[in-house]
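Down below is the structure, laid out as structure tokens.
The values are calculated or read from the model by the stated rules, or taken from the named source; none is laboratory data. Small disclaimer: the values here were computed from a predicted structure and weren't measured. Every residue, glycine as well, gets a Cβ built from its backbone with ideal geometry; the counts of neighbours run over all protein chains shown.
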Amino acid sequence: QAKRSGKNTYFFFDPRMEEKACSRMELAACIRRGLKQNEFEVFYQPQIDFQSGRLTSSEALIRWRHPQLGWVPPSTFIPLAEETGLILDIGEWVLSQACSQNKKWQTMGLGNPRIAVNLSACQFRKEGLAQQISQTLQQLEMKSNTLELELTESTFLENPEQGMKILDEFRDMGVTVSIDDFGTGYSSLSYIKTITPGVLKIDQSFVNEVINPTNRAIVQAIVTMAKSLDIETIAEGVETQEQFDILHGMGCDKYQGYYYSPAVPAEGMTQIMMQDMKN
Ligand code: C2E
Ligand code: MG
Ligand code: MG
Ligand code: MG
């Protein structure tokens, strides 16, 4: 048993091992077991309004506390979870976790915060996604306008026709749609008018080097376009004062990043919210 977990340890941190079917199956089994044994946890990263400096919302980000490995980042297991379909279980779990946590915050009198949840292409592909989400919201007696769903351009572009249908359902429900990692996909800007998202999340790769004139021009173009289309912009991965100042100056609406706070456990987020209420 100890040997087996030793092998798994190796698996996680050596990308070459990912090619091996057997290790992948082990990881899949590990995820399944982890779900049963409550090894997963949802962390929350604050999203801040540039103008007011106030907290507006948070993004739910999954974490895995592996009994042997400690915290395992999502980048190591989300891709495999997507291939194996396990992301469907994970996605459903994260959604209900995040919504019930948000409900708790409301009950605690911490305002009416919005919560953003990542959707994988796999979930988007499966029939009945909107109904499932609507059901979860009903069960938890959550208002749909407190939920934001993040998807990437490529998720949408896999099947734009089906995508349109789902996005219409989300809109009808009153859920906000946001485009994650915006600018990294292959899609043309013309898709934006088709999707008409509520939010564009400017990818970290642009934010990270927003000091560079080319990136700055791209980000400015995104912000200007979004403004004229009445779409909100969020800068992802703001780490420094310099990045903060540039993006603020450009008229970007909100940001998230280590500059303010990394993703933290629910209790940490509660503290941040309580502090924000005092300001
Ligand atoms: P994402 O949705 O684009 O999330 C943003 C990622 O950037 C998060 O990584 C976050 O912790 C990280 N980040 C935030 N601020 C900073 C910063 O200032 N600097 C840097 N370097 N990074 C920052 P994380 O939590 O490791 O998640 C990675 C990706 O895994 C997410 O990217 C998302 O695509 C996926 N993911 C996470 N949770 C879920 C989930 O519940 N469901 C699905 N389908 N995907 C998830
Ligand atoms: Mg996201
Ligand atoms: Mg992103
Ligand atoms: Mg990303």
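Here are the numbers for the structure shown:
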read-out: Test result for residue 127, closer than 16 Å to residue 197 by Cα, without any contact (Cβ under 8 Å) to a residue 12 or more places away in the chain and more than 16 Å from the chain's Cα centre (by Cα); value: no
read-out: Neighbours by Cβ (under 9 Å, 6+ apart or cross-chain): first from region 59-72, touching a residue at least 60 places away in the same chain (Cβ under 8 Å); second assigned to a loop (DSSP other than H, G, I, E, B) and within 16 Å of ligand 3 (Cβ to nearest atom); value: 59/263; 61/263; 63/73; 63/263
read-out: Selection within region 162-195 - away from ligand 4 (no atom under 16 Å from the Cβ), within 21 Å of residue 47 (Cβ to Cβ) and modelled with pLDDT under 90; value: 192, 195
read-out: In region 204-230, the residues that are buried (at least 21 other Cβ atoms within 10 Å of the Cβ) and either within 13 Å of ligand 1 (Cβ to nearest atom) or within 28 Å of residue 162 (Cα to Cα) (or both); value: 206, 207, 210, 222, 226
read-out: Helices (runs of 4 or more DSSP H) within region 100-174 that include 1 or more residues away from ligand 2 (no atom under 16 Å from the Cβ), of a type in the set (Asp, Glu) and more than 24 Å from residue 83 (Cα to Cα); value: 160-173
read-out: One residue from 184, 194 being surrounded by fewer than 16 Cβ atoms within 10 Å (Cβ to Cβ), closer than 26 Å to residue 125 by Cα and within 16 Å of ligand 3 (Cβ to nearest atom); value: 184
read-out: Failed item, numbered, when residue 71 is tested on (1) assigned to a helix (DSSP H, G or I); (2) modelled with pLDDT under 95; value: (1)
read-out: Verdict on residue 81 being farther than 21 Å from residue 266 by Cα, away from ligand 2 (no atom under 15 Å from the Cβ) and not aromatic (Phe, Trp, Tyr); value: yes
read-out: Check on residue 199, among the hydrophobic types (A, V, I, L, M, F, W, C), closer than 18 Å to residue 50 by Cα, crowded, with 20+ Cβ neighbours inside 10 Å and under 18 Å from the mean Cα position of the chain (by Cα); value: yes
read-out: Subset tally (residues that are more than 19 Å from residue 180 (Cβ to Cβ) and either in contact with a strand residue (DSSP E or B) (Cβ under 7 Å, 6 or more places away or on another chain) or among the charged types (D, E, K, R) (or both)) for region 114-150; value: 4
read-out: Index of the failed condition, residue 19 passing every other in (1) surrounded by fewer than 17 Cβ atoms within 10 Å (Cβ to Cβ); (2) over 19 Å from the mean Cα position of the chain (by Cα); (3) at pLDDT 90 or above; value: (3)
